[in-house]
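One structure is given below, encoded as C-alpha cells.
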Amino acid sequence: METDWVGVVIAEARSQAPEVPDISWDQLEKLLRGMFSDKPLSAKPLASVASKLLNDMSSASPDSRTEQ
Amino acid sequence: MRIETIKLAWFRGAASSVSLETKGRSVVVYGLNGAGKSSFVDGIEYISSGGKIAHLAHEYSGRNLINSVPNTHKPKEAETEVAITFSDGSEAKTTITPDGTNTNLSAIKGWEYRRTILRQDEVAAFIKETKGGKYSALLPLLGLQSLEVAADNLRQLTRNVKSLSQLEATKATLTQLETKRLEKFGTNNDEQIHREIERQLRKYCPASESRDEMVRCKEVLEVIDSRIRSLTADQKRHLALSAAGGVKLKAHVDAVRTANSAIAGMIDPLVGHKITVLKSTETLARKLPSEGEIPCPACGQVVQLTAFRAHINEELEHLQGIMQTFNTRSAAIADLCDAVKSLRTTLARDEVKDWRSSLNDEIWARDFAYLDKVNVEFLRTSCEESDLEEIERKLLPLVETASQASLDSPPEVQELLSDRGVIEVAKVIVPSADLVVQVARAEVLVWAIEHLERATRNQIKTRSNSVINEISEDIKRMWLTLHPGEAIENVHLYLPKDVDKAIDIGLKFHGKDMDSPRLTLSEGYRNSLGLCIFLAMAKHGEPSNNPIILDDVVVSLDRNHRGLIVDLLKKEFADRQVIVMTHDRDWYTELRQQLDGGTWSFKALLPYETPEIGIRWSHGTSTFDDARGQLADRPDSAGNTARKIMDIELALIAERLQLKLPYLRFEKNDRRLAHDFLERIIGDGKKCFQTGGPTSFRANEEGMRLLVEADKLLLSWGNRASHTFDVVRPEAQKLIDICESALRCFRCDLCEKNVWLADAAGSGWVQCQCGKLRWRYDKG
C-alpha cells in the first residue's frame with residue numbers, strides 16, 4: 001500500500017506547531033496536497049497558487065481564519 | 001520478471017536483426033570492445049526509460065538521440081526497432097521513426113535505471129560524485145522522490161509568495177517609515193499621532209469637517225504650503241537653509257559605507273552576472289523534464305537533471321544573503337543620491353543666492369561647483385569610496401553651514417517648517433497600517449509554507465536514514481564477500497549532519513573511521529565499493545525481481561576480486577536474473593567454469609566488422625572466434641590469442657580436475673602455460689579420463705588424441721606465433737580449430753555438461769550430468 005505522505009507530513013507539522021495563526025490545517029493540507037506532483041511544478045502554476053493564497057489571506061475575515 | 005529475448009534491428013551497433021536469447025536464465029555475454037554488448041544494454045535502457053539513454057545524451061546526439069540511436073549505416077527503408085520479451089509472455093517493443101521519436105513505447109513499470117543497469121563508467125563516477133550528486137543519484141531508489149518534489153515545490157512557493165507580496169521591499173519601506181516616525185514622534189503611539197494631526201488641523205484648517213486622516217493631512221499641507229508661498233524673501237531664505245541644513249548627508253554616506261564593507265571582497269559584476277545567469281537557469285531547469293540528463297549550459301558536461309536542479313537551488317540559496325546585502329547597498333546609494341539631489345535643488349533657489357555669494361572664497365566655490373555638476377544618475381550606478389570621500393569633503397561643510405545659518409530663523413518660519421515636517425511624516429505613516437497588516441499576513445503564510453517544507457524535509461531525513469541503514473547492512477555483507485579478511489570494513493552510507501540533500505559513504509580503513517572512500521581507497525576498491533552499493537540498491541525496494549544488468553563493471557578489479565564476484569552473485573542473486581557483459585576473456589572463462597550451467601548461459605559475440613554486418617553471435621560459447629577474427633590480417637596474432645585462451649582455460653580445468661602440478665619457484669607457479677597443464681592432463685588422462693559410462697568405462701582415446709595434437713601444435717605454431725610472428729593463416733586456423741576441439745573433449749556430447757559438473761562424493765571422481773564422461777582423481 002502506498003504511503004499517504006500528505007497525512008504523514010501534516011501530522012509531523014502539527015506535532016511541531018499545533019496552531020498556525022490565520023490559516024486552518026484543512027487549508028494547509030489542501031495546499032500541501034497540491035505540492036505533490038510527478039515532477040517539479042513550473043513557474044506559472046506556482047505563481048497562481050501563491051496569488052490565490054495571498055488573496056485568500058486578505059479576503060478571509062479574522063473569525064474564519066481561526067484554528068478549526 | 002525475467003527477460004527472455006532482447007531483439008534489436010538497426011539499433012546502435014545492430015544491423016538487420018540480432019537477438020540475445022536468455023530463455024529466462026542469467027547470462028554472461030562475452031565480446032571484445034565494440035562487439036556490440038552494450039547495444040543490448042542500451043536497448044533495455046531505451047525501453048525502460050521511455051526512449052532515453054543517459055550516456056548518449058550529449059550535445060552531438062541531436063533531438064531524440066537521432067544521431068546516436070539508429071545504426072549509422074541503416075538503409076533508408078529499414079526501421080530501427082527494439083523489442084524485449086518477458087517470461088510472463090508480455091512484450092515491450094518500439095519502432096524509432098526517422099526523426100527519433102518512438103512509437104508504442106511504454107516504459108517498463110518500476111524499472112528504475114539505477115536499480116537495473118550498472119555500467120563501467122558509472123561505478124567510478126558515483127564514488128567521485130559530490131554528496132549532493134550521490135543524493136540525487138540515489139534519491140529515486142529511496143522511494144522518496146515525491147516528498148523531495150513536494151519539498152522543492154514548497155520552497156519555490158515560498159519564493160513566489162515573497163515575490164508577489166513584495167515582502168522584502170515592503171518590510172524595507174516599513175523600516176524607513178519607522179525611522180521617520182521615531183524622528184518626528186518619538187515613542188508616541190498611533191492614538192497620540194492621530195491627536196497631533198487633529199491639533200494641526202484645528203490650527204491650520206479650523207473649519208474643516210473632514211474625518212479621513214489622509215484628507216486632513218492633505219488639507220493641512222495645502223495651507224502650510226500656501227503660507228510658505230506668501231513668506232518674505234528673507235523668510236524664504238531661512239526656510240531653504242533649514243531644508244538644506246536638515247539633509248542627513250552624513251547618515252546616508254555612512255549607510256553606503258556600511259553596506260560596502262558588508263560586501264567587501266566581492267566582485268560586483270561577477271556576482272551580479274552569476275545571479276542573473278542562475279535565475280535564468282532556474283527558469284530553464286523548471287521547464288526541463290523531471291528526470292534524465294542534460295549537458296550543463298556552462299561546461300557541456302552531462303549531469304543528472306535532479307543534480308542540476310539541486311545545484312541551482314543550492315547556489316541560489318547561497319546567494320540569497322549576498323542579494324539582500326546588494327539590495328541594502330542599492331537602497332542606501334539611492335537615498336544618498338536623493339539627498340544630494342535635494343541639496344542641489346534647495347541651494348539653487350533664488351532666495352539663497354545672497355547666502356551663496358557670501359561664501360566667496362576658493363574652497364566654497366569649488367564645493368558649489370561640485371554640487372552643481374555632480375552626476376547623480378552616474379553616482380546611482382557606481383558609487384565608489386572616492387565618491388563618498390568627495391561628498392564628505394565638499395558637501396558636508398555646505399550642509400553644516402546652511403544648518404548654522406538657519407539657526408536664527410524667525411520663529412514663525414521654524415514653526416511652519418516643523419509643522420510641515422510633522423504632517424508630511426504623518427501622511428506616510430497613516431496608510432502604513434495597511435502595509436503592516438499586509439506584511440503580517442504574508443509573513444504568516446511564508447512561515448506556514450516553510451513549516452510544511454521543514455516537516456517534509458524532516459520526513460525525508462527520517463525515512464532516508466531508515467532506508468540507508470537497511471541498505472548499508474547489505475553493502476557491508478556484500479563488501480565482506482568481495483573483500484574477506486581485509487582491513488577495510490564497516491562500509492556504509494550515511495546522511496552528513498547539518499547538510500540537506502546529501503549522502504556519503506563512510507568506512508573504517510585499518511581501524512580508522514573515514515568520511516569518504518576518496519580519502520584512502522584505490523580505484524579498484526572504489527569500483528568494488530560502487531558495485532556493492534549498486535547491488536545493494538538493486539536488492540532493495542520494489543519490484544525485487546527485475547533483472548540486473550552489469551555492463552563491463554569489473555575492469556579495474558584484480559583477478560582475485562573478480563573471482564569473488566562469482567560468490568557474490570551466487571549468494572545474493574541466485575533467484576534473480578543477472579545479465580553480465582564483459583570484454584575480459586579470462587573472467588568470462590572463469591565464469592563459464594564456475595557458474596552453474598543450469599541457471600546460467602554463456603554467449604560470445606564475434607568481433608565487430610562493419611555497421612552493415614552489425615552485431616553477430618559466435619557459433620559457440622568459447623572465445624576462439626576472437627582469434628578467428630584476426631586470421632585475415634594478423635595470423636600470428638590469431639595464433640597468439642589461441643595460445644592465451646588455452647593458458648587460461650587449461651589453468652581453470654586443471655584446478656577443477658585437481659591436478660597435482662610440480663611446484664615451481666615463486667611466481668612461476670602462477671605463470672604456467674598451456675603446455676605445462678597439457679603435459680599433466682595428458683599424462684594423467686590415460687588412466688583418469690574415461691568415457692562410455694555410466695556402466696562400463698574405457699579410456700577417452702579420442703579426447704586424448706585431440707589434447708596431444710593441441711599440445712604439439714601449441715609447442716610449434718603457438719610459440720612461433722608468440723615469439724617469431726611467422727605463423728601463416730592455414731597454420732593459425734588449424735591451431736585454433738584443434739585447440740577448440742581439444743577443450744570440447746571435456747564436455748559430454750550427450751548431456752552437454754562438463755566432466756567436472758558433479759563430484760561423486762566418496763567415489764573418487766567427477767563426472768558429467770549423465771555419467772558418460774568421468775575423470776578419476778589420483779589415478780595418474
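The values are calculated or read from the model by the stated rules, or taken from the named source; none is laboratory data. Remember, predicted model here, so these are calculated numbers, not experimental data. Methodologically, a virtual Cβ is constructed for each residue, glycine included, from the backbone with ideal geometry; neighbour enumeration extends over all protein chains shown. Areas reflect the complete protein model, heavy atoms only, side chains present, ligands, DNA and RNA absent. Shrake-Rupley method; radii C 1.70, N 1.55, O 1.52, S 1.80 Å.
Data table
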| item | result |
| --- | --- |
| Filter result (open to solvent by less than 20 Å² (accessible area, probe 1.4 Å) and part of a strand (DSSP E or B)) within segment B:496-518 | B:504, B:505, B:506, B:507 |
| Filter result for the condition that a residue is under 22 Å from residue B:111 (Cβ atoms) and either within 22 Å of the chain's Cα centre (by Cα) or in contact (Cβ under 8 Å) with a residue 40 or more places away in the chain (or both), over B:555, B:580 | B:580 |
| Members of segment B:49-86 found to be exposed (fewer than 14 other Cβ atoms within 10 Å of the Cβ) and in a helix (DSSP H, G or I), listed by number | B:63 |
| Segment A:25-55: number of residues that are in contact with an Asp or Glu (Cβ under 9 Å, 6 or more places away or on another chain) and closer than 25 Å to residue B:435 by Cβ | 1 |
| Among (1) of a type outside the set (Ser, Thr, Tyr); (2) open to solvent by 60 Å² or more (accessible area, probe 1.4 Å); (3) at pLDDT 85 or above, the one test that residue B:768 misses | (2) |
| Filter result for residue B:463 (under 34 Å from the mean Cα position of the chain (by Cα), in a helix (DSSP H, G or I), under 30 Å from residue A:35 (Cβ atoms) and free of Cβ contacts under 8 Å to residues at least 24 places away in the same chain) | no |
| Any hit, segment B:250-263, residues being in contact with a helix residue (DSSP H, G or I) (Cβ under 7 Å, 6 or more places away or on another chain), open to solvent by 30 Å² or more (accessible area, probe 1.4 Å) and not in a helix (DSSP H, G or I) | no |
| Only one of B:141, B:167, B:154, B:177 that is open to solvent by less than 50 Å² (accessible area, probe 1.4 Å), away from every other protein chain (no Cβ under 14 Å), of a type in the set (A, V, I, L, M, F, W, C) and out of contact with any Lys or Arg (no Cβ under 7 Å at 6 or more places or on another chain) | B:177 |
| Filter result for residue B:695 (open to solvent by 80 Å² or more (accessible area, probe 1.4 Å) and of a type in the set (Val, Ile, Thr)) | yes |
| Selected residue [of a type in the set (Ser, Thr, Tyr), free of Cβ contacts under 8 Å to residues at least 12 places away in the same chain, over 26 Å from residue A:16 (Cα atoms) and open to solvent by 20 Å² or more (accessible area, probe 1.4 Å)] from B:401, B:381 | B:381 |
| Residue, most open to solvent (accessible area, probe 1.4 Å), within segment A:44-61, restricted to residues that are facing chain B (nearest Cβ under 7 Å) and at pLDDT below 85 | A:58 |
| Selected residue (only one of B:529, B:564 is closer than 24 Å to residue B:622 by Cα and not polar (S, T, N, Q)) | B:564 |
| Top-ranked residue of segment A:1-30 - restricted to ones that are at the interface with chain B (Cβ under 7 Å from one of its Cβ atoms) and part of a helix (DSSP H, G or I), ranked as most open to solvent (accessible area, probe 1.4 Å) | A:16 |
| Meets criteria (in contact with a Cys (Cβ under 9 Å, 6 or more places away or on another chain), surrounded by fewer than 19 Cβ atoms within 10 Å (Cβ to Cβ), among the hydrophobic types (A, V, I, L, M, F, W, C) and more than 10 Å from chain A (Cβ to nearest Cβ)) for residue B:430 | yes |
| Given (1) under 20 Å from residue B:417 (Cα atoms); (2) open to solvent by 70 Å² or more (accessible area, probe 1.4 Å), index of the condition residue B:198 fails | (2) |
| Count of residues meeting criterion [of a type in the set (D, E, K, R), crowded, with 18+ Cβ neighbours inside 10 Å and touching a residue at least 60 places away in the same chain (Cβ under 8 Å)] in segment B:6-48 | 4 |
| Test: residue in segment B:358-371 that is at pLDDT below 90 and surrounded by 14 or more Cβ atoms within 10 Å (Cβ to Cβ) | yes |
| Residue check, residue B:654 of a type in the set (A, V, I, L, M), over 15 Å from residue B:26 (Cα atoms) and buried (at least 20 other Cβ atoms within 10 Å of the Cβ) | no |
| Number of the exception - residue B:89 against (1) small (Gly, Ala, Ser); (2) modelled with pLDDT of 85 or more; (3) open to solvent by less than 20 Å² (accessible area, probe 1.4 Å); (4) more than 26 Å from residue B:562 (Cβ to Cβ) | (3) |
| Scope segment B:138-185; condition more than 21 Å from residue B:454 (Cα to Cα) and polar (S, T, N, Q); matching residues | B:165, B:166, B:170, B:173, B:175, B:176, B:179 |
| Any hit, segment B:542-562, residues being β-branched (Val, Ile, Thr), surrounded by 15 or more Cβ atoms within 10 Å (Cβ to Cβ) and in a helix (DSSP H, G or I) | no |
| Whichever residue in segment B:433-449 is open to solvent by 20 Å² or more (accessible area, probe 1.4 Å) and touching a helix residue (DSSP H, G or I) at 6+ places or on another chain (Cβ under 6 Å) and, among such residues, is farthest from the other protein chains (Cβ to nearest Cβ) | B:435 |
| Filtered residues of segment B:162-182 (kept if in contact with a Ser or Thr (Cβ under 9 Å, 6 or more places away or on another chain) and among the β-branched types (Val, Ile, Thr)) | B:173 |
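Conditions (1) part of a helix (DSSP H, G or I); (2) out of contact with any Phe, Trp or Tyr (no Cβ under 9 Å at 6 or more places or on another chain); (3) more than 30 Å from residue B:168 (Cα to Cα), marked per residue:
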site	(1), (2), (3)
B:328	yes, yes, no
B:333	yes, yes, no
B:337	yes, yes, no
B:342	yes, yes, no
B:353	yes, yes, yes
B:364	yes, yes, yes
B:383	no, yes, no
B:389	yes, yes, yes
B:392	yes, yes, yes
